[in-house]
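Asker: Handing you this structure, nothing more for now.
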Amino acid sequence: MALKKINTVLTAAFILFILWFGAEFILSPETTAPGFGLPSRPSGDGGGFLVVKGIRDVVLALVLGVLLVTGHRRALGWVLLVEALAAYGDMTTVLAHHGSVATAFGVHGLTATLMVVNGLLVLRETRKVASAPATPAPQPA
């Protein structure tokens, strides 16, 4: 299977996963929150922060989707690298608030690292295209 196809499948999987996770936080934050890895869900009116997290995830997925569908693969690679910072931030947040270490590393850390690998593979794929030697235009005789 060509590198471009592998990258496309991996990116599409990330998009679907992030969309699903974000939608879960928007539609049912009270049942989704425990899976995030924090020791307790916000009390009082703090549940709105979970919806904000869901909206963030949906927007991150849509940005990747737009770049994938429009064929802006080099930008897609860079955005995958940048968006991995959100997952590393989630990992750090869970660890800093004495949440589940297994979830911090096994969900957020692993997701972030796979996004970095996917981003680097997309950049590698596009580098080959970008660095291809230009063919000189034929000169009129």
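The values are calculated or read from the model by the stated rules, or taken from the named source; none is laboratory data. This is a predicted model, so every value here is computed, not measured. Reconstructed Cβ throughout: ideal geometry from the backbone, glycine too, with neighbour counts over all protein chains shown. The protein model used for the area step is the full one, side chains on, heavy atoms only, and it has no ligands, DNA or RNA in it. Shrake-Rupley method; radii C 1.70, N 1.55, O 1.52, S 1.80 Å.
Asker: Give the residue that is farthest from Thr8 (Cα to Cα), with candidates limited to residues of the range 53-89 that are over 12 Å from the mean Cα position of the chain (by Cα) and charged (D, E, K, R).
Answerer: Checked the range 53-89; the qualifying residue farthest from Thr8 (Cα to Cα) is Lys53.
Asker: To continue, here is another question. Please return the ranges of helices (runs of 4 or more DSSP H) entirely within the range 5-120 where 1 or more residues are touching a Pro at 6+ places or on another chain (Cβ under 8 Å), open to solvent by less than 20 Å² (accessible area, probe 1.4 Å) and among the aliphatic types (A, V, I, L, M).
Answerer: none
Asker: Condition first: touching a residue at least 40 places away in the same chain (Cβ under 8 Å) and more than 19 Å from Asn7 (Cβ to Cβ). Now tell me which residues in the range 54-69 satisfy that.
Answerer: Once the filter is applied, which keeps residues that are touching a residue at least 40 places away in the same chain (Cβ under 8 Å) and more than 19 Å from Asn7 (Cβ to Cβ), the range 54-69 yields only Val58.
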